[in-house]
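Take a look at the structure set out below.
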Amino acid sequence: MAGEASAERSSERAAKSGVSTGSTALARPRARLDVPRPSRRRLLPEYDPEAFGRLSERVARFLGTGRFIVWMTIVIIVWVLWNIFAPDDLRFDQYPFIFLTLMLSLQASYAAPLILLAQNRQDDRDRVNLEQDRKQNERSIADTEYLTREIAALRMGLGEVATRDWIRSEFQDLIKEMDERRLFPQERDEGDR
């Protein structure tokens with residue numbers, strides 16, 4: 001440990017003074033693992049996947065509405081009518097409507113992946129909700145089983161407890177016995193002697 005520290009200090013001194021120590025690995029400063037690396041410039045732009053996903057869901061939601069179909073139909077009708085009945089110098093897409101076909105293909109080529117992305121995100125949400133529902137059902141089943149065991153234990157415990165009907169029947173038996181003793185008190189006294 002001490003040898004490594006002194007070698008590192010000597011290589012730092014040599015690097016500062018411009019003296020080569022013979023090894024390029026020692027001259028380079030070491031990257032520390034506890035310090036984040038500085039961000040590097042990227043060729044591709046960075047984007048927030050969640051924001052892009054929310055945007056794709058909004059677009060897919062709009063593409064699935066009647067409003068979109070109505071507006072798309074109006075645009076296509078106006079496009080076709082303009083390119084049929086407008087003067088020749090104002091027409092921008094002649095009869096086979098190649099530009100219209102290109103625009104519809106472009107719209108479809110962007111709509112399909114956006115719709116698929118929105119469906120994938122919905123599938124992910126459904127999967128998470130299903131897992132939460134499954135866990136909630138497991139907890140509910142466990143709670144129900146616990147309550148069933150507790151009710152069974154209470155019923156077993158109540159089997160040993162005196163109920164109102166049992167106490168009433170015991171009181172009635174005592175009252176009958178006391179009435180019988182009052183009716184025949186001398187016979188019992190003679191039998192005792």
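What the table below lists for this structure:
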| item | result |
| --- | --- |
| Solvent-accessible ranking of S140, S39, largest area first, probe 1.4 Å | S39, S140 |
| Most to least accessible of R149, R41, R91 (protein chains only, probe 1.4 Å) | R41, R149, R91 |
| Those GluC sites (Glu not before Pro) in the range 71-166 that DSSP places in a loop and that have at most 11 other beta carbons within 10 Å | E160 |
| Accessible-area value, V128, 1.4 Å probe, nucleic acids and ligands omitted, Å² | 80 |
| DSSP-loop chymotrypsin sites (Phe, Trp or Tyr not before Pro) across the range 39-124, with at most 15 other Cβ within 10 angstrom | Y47, F92 |
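The values are calculated or read from the model by the stated rules, or taken from the named source; none is laboratory data. None of these values were measured; they are calculated from a predicted model. With ideal geometry, Cβ positions are generated from the backbone for all residues, glycine too; neighbour counts draw on all protein chains shown. To get the accessible areas, we keep the full protein, side chains included, count just its heavy atoms, and leave off ligands, DNA and RNA. Shrake-Rupley method; radii C 1.70, N 1.55, O 1.52, S 1.80 Å.
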